[in-house]
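The values are calculated or read from the model by the stated rules, or taken from the named source; none is laboratory data. What you are looking at is a predicted structure, and each value in this text was computed from that prediction instead of being measured. Cβ placement follows ideal geometry from the backbone for every residue including glycine, while neighbour counts extend to all protein chains displayed.
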Ligand code: HDD
Ligand code: HEM
Ligand code: HEM
């Protein structure tokens with residue numbers, strides 16, 4: 001069998017980037033959450049916030065480590081596997097990644113050291129500042145990498161000469177048409193993902209009657225935050241979709257499962273799109289709603305996939321379904337957050353065991369939505385790496401299929417190992433819970449501030 | 001201006017790569033020496049001595065790769081596919097070694113596994129970097145703008161040798177770093193490592209200096225023609241002086257000098273290689289000008305570098321200042 005470096009590179013890239021994004025998504029939100037906890041500690045001087053901050057920082061350290069190592073892999077993928085893409089787009093895209101390194105990675109990495117190990121070496125105010133710099137760094141990072149990705153989706157501000165992209169206008173390269181939407185949607189996604197981890201862990205403690213006081217604080221924070229941001233995300237997602245409708249109509253047609261150009265298009269709730277027969281099986285639809293959402297007019301015109309020649313269409317089945325998974329998770333989040341806020345308002349939160357169980361069950365919804373969203377976006381823009389200009393098959397490196405097979409297997413194996421151990425250690429840290437304060441209210445500094453996982457999980461005294 | 005930009009960028013990337021070797025070199029070196037320490041307490045101290053800074057150190061590697069992508073995309077797009085498998089080795093090794101910092105401290109039953117991961121990751125990452133370096137010196141087969149060689153071109157005696165050389169050099173950096181950061185038995189142990197590793201490193205430098213002119217007539221002409229020989233003679237001479245000085249510093253039990261002198265040796269080796277290859281950035285014939293990206297791209301990024309680099313160096317120095325002094329067991333940062 002001939003090993004196809006293109007197919008293998010696509011599988012590999014999709015796999016390593018999906019693995020990577022799990023950690024940034026969590027750490028972007030968590031870094032900001034830690035800033036809030038540190039600020040509360042400085043302000044209120046209540047040891048509870050310090051314990052919480054240290055607890056979440058322990059989880060942060062492990063996730064961040066996995067984010068860093070999988071990120072270093074990413075930054076070399078462009079050259080190793082997509083060298084023709086890199087050569088063609090470097091003039092435009094590379095500085096965006098370069099600015100990410102200079103503004104974000106150094107900031108995060110350096111202040112991370114102080115955040116994790118410096119509590120007793122710097123004044124409290126400076127420790128807070130370090131937490132803030134780490135959080136700012138994660139947001140800068142999101143800014144630049146999403147700018148780069150958005151440029152590939154909706155290129156602008158360039159001149160194309162002899163197959164090489166040249167910069168013409170830096171501002172319009174950075175702030176390309178889909179960037180503001182993607183950035184807002186992604187940052188909200190990261191915050192929601194973290195919020196649901198916080199909600200899930202806190203509810204789990206409450207159900208097991210541990211760390212009641214601190215868990216109630218974080219559960220409330222998480223639910224109220226999500227009650228605002230989850231609906232906001234729906235709104236941002238809608239805006240994002242409208243932007244895509246304008247710039248990448250073929251992607252929208254695939255997400256919606258539309259084959260024909262139509263006025264007053266329905267919204268498909270369920271279907272099995274069939275690319276070879278160019279039709280949907282078992283469709284369940286709400287009439288007119290599709291047009292209403294996309295054009296804000298029940299009889300608006302929406303293009304279908306058949307308008308594009310088959311080699312210009314994205315794989316419709318995947319995109320159709322991952323999009324629905326994301327939206328379902330989004331609606332689920334709104335439901336949980338609102339229900340929780342209602343119970344909170346009626347002062348029944350603690351006693352609603354069923355709801356607490358639902359909360360801990362919802363812990364991974366953010367990750368699921370996030371991956372589903374990215375897969376929609378990235379597979380939806382196929383067959384292009386630079387939309388409409390450079391095809392994926394013209395982007396791949398001249399490497400041998402066997403090399404890519406080796407690397408793919410190596411990454412699968414390595415990531416399986418570190419993911420397995422990583423989640424095990426994260427679980428261990430969670431079970432240890434927010435560490436107890438010493439009797440005199442002093443902070444208990446363990447051998448190493450992070451060695452919390454191994455410590456006895458004494459419950460806090462109320 | 002357009003003529004100069006690639007030269008400035010050559011300097012910037014040289015600086016980033018040197019910073020990487022300087023900073024990550026010692027923490028990889030600590031990893032290489034890790035299993036040979038006499039007790040678990042020593043190993044904990046060794047790891048703690050680099051734990052707060054390794055992530056920042058590794059960022060220079062991203063800057064090195066990213067810098068090539070920005071300023072010399074032709075190199076990025078030809079050397080990376082050519083070095084596909086050694087890069088894979090380096091990346092996987094860095095993954096294991098990077099997570100080992102956190103994982104090892106959390107583990108109880110799996111501690112040995114992560115100690116091994118830290119060691120093997122450090123060792124193979126260093127070895128792979130040496131192989132990559134060797135291939136940059138030997139050159140890569142390029143046709144037009146694409147790599148045109150085979151998947152195993154990187155596998156040659158010279159590059160395997162530079163792989164070993166880098167492992168020895170990093171180990172020396174690690175040992176001298178430990179002299180700086182530790183005391184007592186562990187420090188005494190580190191002192192004992194300095195001489196054999198210095199001998200190894202000097203041996204490697206000499207061998208590479210003989211091997212490269214034999215490999216390439218251009219390099220031979222660069223060094224052994226008149227009057228170049230005169231202008232370039234300080235490079236080997238200073239190297240010799242620094243080696244002797246390093247030997248003496250060990251006898252005197254100096255604490256800082258060994259580390260600084262080892263850095264000096266690295267710097268000179270670096271300069272030596274740059275002299276051999278100039279004006280190529282990727283032999284045999286990709287020059288800095290040919291590989292350069294669009295002037296507007298180089299300029300746009302250079303502005304960022306000029307403003308942000310002093311800031312980065314500032315807070316990096318500050319974080320080393322925060323974690324200054326000796327690391328003791330049980331204290332942990
Ligand atoms: C929206 C967020 C986001 C997205 C889409 C990506 N990353 Fe990322 N990345 C981050 C957000 C982030 C982060 C939050 O900034 C991380 C997580 C842990 C960390 O150190 O920074 C990070 C780490 C990280 C690192 C290590 C930085 C360090 O040593 O501190 C590299 C080299 C990359 N990423 C590169 C990439 C590449 C090449 C990507 C795309 C193909 C990518 N990331 C997608
Ligand atoms: C972090 C979340 C991301 C996820 C989960 C993701 C997912 C994917 C997937 C599944 C593919 C394979 C698509 C296919 O070949 O069918 C892909 C391809 C690709 N993505 Fe992403 N992606 C993410 C972010 C990014 C970013 C931020 C960039 C660029 C800055 C990027 C650049 C690329 C490139 C160059 C390819 C290969 C070419 C292609 O197949 O189009 N991705 N991604
Ligand atoms: C609730 C309703 C939601 C709607 C209507 C919505 C809409 C969209 C749309 C239209 C896209 C594709 C953008 C493109 O064309 O490239 C997208 C992508 C994405 N979505 Fe959502 N979304 C929703 C909820 C969520 C939630 C809850 C999360 C995660 C917590 C999420 C995370 C993402 C991510 C990470 C992407 C890929 C990156 C991007 O293109 O922004 N979405 N979303």
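Residue by residue through the stretch B:205-225, note down the ones that are under 14 Å from residue B:162 (Cβ atoms) and either over 22 Å from the mean Cα position of the chain (by Cα) or not in a helix (DSSP H, G or I) (or both).
In the first step, residues of the stretch B:205-225 are kept if they are under 14 Å from residue B:162 (Cβ atoms); the result is B:205-212, B:215.
Listed by number, the list holds a single entry, B:215.
Given A:412, A:363, which one is under 23 Å from the mean Cα position of the chain (by Cα), within 16 Å of ligand 3 (Cβ to nearest atom) and modelled with pLDDT of 90 or more? Steps first, answer last, please.
Details: A:412 fails: within 16 Å of ligand 3 (Cβ to nearest atom).
Residue meeting the stated conditions: A:363.
Here residue B:137 meets the list (1) within 14 Å of chain A (Cβ to nearest Cβ); (2) in contact with a helix residue (DSSP H, G or I) (Cβ under 7 Å, 6 or more places away or on another chain) almost entirely, failing just condition (1).
Can you go through A:232, A:236, A:267 and tell me which one is within 12 Å of ligand 3 (Cβ to nearest atom) and in contact with a strand residue (DSSP E or B) (Cβ under 6 Å, 6 or more places away or on another chain)? Spell out the reasoning first.
Numbers: A:232 fails: in contact with a strand residue (DSSP E or B) (Cβ under 6 Å, 6 or more places away or on another chain); A:236 fails: in contact with a strand residue (DSSP E or B) (Cβ under 6 Å, 6 or more places away or on another chain).
On inspection, the qualifying residue turns out to be A:267.
Please give the number of the condition residue B:45 fails out of (1) farther than 18 Å from residue B:130 by Cα; (2) more than 7 Å from chain A (Cβ to nearest Cβ); (3) without any contact (Cβ under 8 Å) to a residue 40 or more places away in the chain. So the condition that residue B:45 fails would be (3).
Against the test of being in a helix (DSSP H, G or I) and at pLDDT 95 or above, the options A:221, A:171, A:146 yield a single qualifying residue, A:146.
Beta carbons closer than 6 Å, at least 6 apart along the sequence or on distinct chains, pair a first residue in the stretch A:1-29 that is within 12 Å of chain B (Cβ to nearest Cβ) and on the phi < 0 side of the Ramachandran plot with a second that is assigned to a helix (DSSP H, G or I) and within 9 Å of ligand 2 (Cβ to nearest atom) for A:9/A:81; A:20/A:74.
Restricting the search to the stretch A:34-63, which residues are within 11 Å of chain B (Cβ to nearest Cβ) and more than 16 Å from ligand 2 (Cβ to nearest atom)?
Our first condition is that a residue be within 11 Å of chain B (Cβ to nearest Cβ); within the stretch A:34-63, this holds for A:58-63.
Residues satisfying the conditions are A:58, A:59, A:60, A:61, A:62.
Screening B:80, B:91, B:63 for residues that are at the interface with another protein chain (Cβ under 7 Å from one of its Cβ atoms), within 14 Å of ligand 1 (Cβ to nearest atom) and in contact with a strand residue (DSSP E or B) (Cβ under 9 Å, 6 or more places away or on another chain) leaves exactly one candidate, B:80. Here residue A:257 meets the list (1) under 29 Å from residue A:151 (Cβ atoms); (2) exposed (fewer than 14 other Cβ atoms within 10 Å of the Cβ) almost entirely, failing just condition (2).
The number of residues in the stretch B:308-333 being facing another protein chain (nearest Cβ under 9 Å) and not in a loop (DSSP other than H, G, I, E, B) comes to 9.
Residue A:89 - would you say it is more than 16 Å from ligand 3 (Cβ to nearest atom) and within 27 Å of residue B:303 (Cβ to Cβ)?
Working: more than 16 Å from ligand 3 (Cβ to nearest atom): yes; within 27 Å of residue B:303 (Cβ to Cβ): yes.
Yes, satisfied.
For the structure I just gave you, tell me whether residue A:315 is more than 14 Å from chain B (Cβ to nearest Cβ), within 15 Å of ligand 3 (Cβ to nearest atom) and closer than 30 Å to residue A:364 by Cβ.
yes
Within the stretch A:71-120, which residues are touching a strand residue (DSSP E or B) at 6+ places or on another chain (Cβ under 6 Å) and facing chain B (nearest Cβ under 7 Å)? If the condition is that a residue be touching a strand residue (DSSP E or B) at 6+ places or on another chain (Cβ under 6 Å) and facing chain B (nearest Cβ under 7 Å), then A:91 is the only one that fits. Within the stretch A:118-146, work out how many residues are over 25 Å from the mean Cα position of the chain (by Cα) and within 16 Å of ligand 1 (Cβ to nearest atom). Within the stretch A:118-146, residues that are over 25 Å from the mean Cα position of the chain (by Cα) and within 16 Å of ligand 1 (Cβ to nearest atom) number 0.
So which of A:136, A:197 ends up being away from ligand 2 (no atom under 16 Å from the Cβ), within 14 Å of chain B (Cβ to nearest Cβ) and surrounded by 18 or more Cβ atoms within 10 Å (Cβ to Cβ)? Let's see the steps before the verdict.
Values: A:197 fails: within 14 Å of chain B (Cβ to nearest Cβ).
Answer to the selection: A:136.
Tell me yes or no: at least one residue of the stretch B:100-107 is free of Cβ contacts under 8 Å to residues at least 24 places away in the same chain and more than 7 Å from chain A (Cβ to nearest Cβ). Checked against the condition, which is being free of Cβ contacts under 8 Å to residues at least 24 places away in the same chain and more than 7 Å from chain A (Cβ to nearest Cβ), the stretch B:100-107 yields at least one hit.
Residues in the stretch A:391-412 that are within 16 Å of ligand 1 (Cβ to nearest atom) and more than 7 Å from chain B (Cβ to nearest Cβ): A:392, A:395, A:396, A:411.
Of all the numbered requirements in (1) within 10 Å of another protein chain (Cβ to nearest Cβ); (2) in contact with a strand residue (DSSP E or B) (Cβ under 6 Å, 6 or more places away or on another chain); (3) touching a residue at least 12 places away in the same chain (Cβ under 8 Å), residue A:168 misses one, and that requirement is (3).
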